[in-house]
Amino acid sequence: MKIQSAIAALVLGAVLVAPAFAENSQQSKMADCNKQAGDKKGDDRKAFMKTCLSAKPAAAAAPMTQQEKMKACNTQATGKKGDDRKAFMKTCLSSAPAN
């Protein structure tokens, strides 16, 4: 009986936690779409948001966009200045993404 109770508790816990994960991913998707929408207004923004939010997530093996590369390289370049930073950024942006 103890094993069955433990399994039931585990299944119940998983059922209760699953919506939280789904909500979190939806919130993340909404934040990403809002960033991409930028200065769009009115019907243009509504149409963009509808398309963006209904889009399927990109494949895990998809290459990084230039914007994603720039963000990752900027994070790695923290603390570098001047020519040292320029050289690092040039190398980082021209190299293949580390997926």
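Each reported figure results from applying straightforward, stated rules to the coordinates on display, with no laboratory input. If you're wondering where the values come from, they're calculated on a predicted model, not measured in any experiment.
Tabulated results
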quantity	calculated
Full-extension gain in nm, Leu93 to Phe48, via 0.36 nm per residue minus C-alpha separation	13.3 nm
Scattering curve values for region 26-86, log₁₀ I(q)/I(0), Debye with Cα scatterers, q = 0.21 Å⁻¹	-0.92
Candidate lysines - alpha carbon under 16 Å from Lys35, same-chain residues fewer than 8 apart omitted	Lys46, Lys50, Lys71
Phi to ³J(HN,Hα) by Karplus 6.51 cos²θ - 1.76 cosθ + 1.60 over region 76-91, Hz, x for Gly, Pro	5, 7, 3, x, 7, 9, x, 4, 4, 5, 4, 5, 4, 4, 4, 5
